[in-house]
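Okay, structure first, notes after.
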Amino acid sequence: MAPPLIGLTCYSSVGPDWIQHTPNHYMDFLFRDYSLAVESAGGIPVLLPVIEDLATVKSAVARLDGLLLTGGHDVAPRLYGQEPKPGLREMDYERDLMEIEAVKEAERRGLPILGICRGIQLLAVAFGGTLYQDIFREAPDCLDHNQKAGKRVNTHTVKVEKSSRLYRIIGAETIWVNSNHHQAVKDLPADFVVTARAGDGIIEAVERPNYHYLLGVQWHPEGTWREDEVSKKIFASLVEAARKRLKDQG
């Protein structure tokens, strides 16, 4: 059986033209840690740029075996029924729309879906949840979730629900994670459950129990997969779910 194709959504930024910076000259990119982590787990990483035509998004997802939503800018609050508040940072509305379409198509096709950092937030919004636009203003007693260390360093603990898929994947009730975010899931979509929290109560993982594999984590396992067994197991679980789907389809 061929290794499963795992689609990874890209960051987007304004980049240089041949000789100067040009307004709206966008480049789509992804930190290599994501693709290397998927490859190390036995999958084939396929980068998905920001695609404006939503029919093309559906066609791209149709060729995948799994979907990974990566980190990046803030999710536009209009998509979860809120006006912008102080503390909101840079957004990428085109990416928001593209990823929501990708998630809905992946769900329709029964693909395993993993969301990382912004990815967990996008999953919540795609299915009707809401976000804290800025936890440092809206939950002022929270931990420092913008760690003063590199992404390969774990800095705070997370408590995992023992009844969860996440616990079955990693086999631990308390884990150390890295942290670089200022938004977080606030209100869950219907049929979702919280499966991990930080010590301050901030949601660190969500799942959809009635779906075969939909997992979101607020930390960045792609930063620590080389040394951290928990991170390796998360990527391995995504690839294995995609492989099982391929096998079941014959």
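The values are calculated or read from the model by the stated rules, or taken from the named source; none is laboratory data. On a predicted model such as this, the values are computed, not experimentally measured, just so you know. Using ideal geometry, Cβ is built from the backbone for each residue, glycine included, and neighbour counts are taken over all protein chains shown. To get the accessible areas, we keep the full protein, side chains included, count just its heavy atoms, and leave off ligands, DNA and RNA. Shrake-Rupley method; radii C 1.70, N 1.55, O 1.52, S 1.80 Å.
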How big is the charge dipole of the chain about its Cα centre, in debye rounded to the nearest 20, if each Lys and Arg gets +1 on its Cβ and each Asp and Glu gets -1 on its Cβ?
-> 740 debye
Total charge dipole magnitude, the stretch 82-174, about the Cα centre, Cβ charges on Lys, Arg, Asp, Glu only, Debye to nearest 20 | 500 debye
Given 10 °C, 1.306 mPa s and a Kirkwood radius over Cα pairs, the Stokes-Einstein diffusion coefficient of the stretch 123-233 in µm²/s is 111 µm²/s
Exposed-loop cut sites defined as GluC sites (Glu not before Pro) in DSSP loop states with at most 15 other Cβ within 10 angstrom; longest site-free run of the chain spans 91-172
With all protein chains in place and a 1.4 Å probe, Met1 shows an accessible area in Å² (nearest 10) of 150 Å²
Lys/Arg +1, Asp/Glu -1 at C-beta; the stretch 3-87 dipole; positive extreme among Ala62, Tyr26, Pro45 | Ala62
Scalar couplings 3J(HN,Hα) for the stretch 140-145 by Karplus 6.51 cos²θ - 1.76 cosθ + 1.60 (θ = phi - 60°), nearest whole Hz, x for Gly and Pro, are x, 8, 6, 5, 7, 8
Take the cross-link list Lys104/Lys247; Lys85/Lys233; Lys162/Lys232 and give me the ones stretching past 29 Å between alpha-carbons.
-> Lys85/Lys233
Determine Rg/Rh for the stretch 44-132; Rg is computed over alpha-carbon atoms and Rh is the Kirkwood hydrodynamic estimate from the same atoms.
-> 0.96
Enter the accessible area per residue of the chain (Å², integer; probe 1.4 Å; all protein chains in place).
-> 46 Å²
Whole-Å distance, taken between Cα centres, linking the stretch 120-168 and the stretch 1-70 = 23 Å
Could you point to the label whose value was computed as semi-axes √(5λ) of the Cα gyration tensor in Å for the structure here, given (1) 24, 24, 18; (2) 36, 25, 19; (3) 47, 19, 13?
-> (1)
Would you grab the residues whose amide H sits under 5 Å from the one on His25? Only those 5+ places off in sequence or on another chain, please, with H modelled 1.01 Å from N.
-> Gly15
For the stretch 1-62, what class follows from the C-alpha gyration tensor (a ≥ b ≥ c being the square roots of its eigenvalues): rounded when a/c is under 1.5, otherwise prolate if a/b is larger than b/c, else oblate?
-> oblate
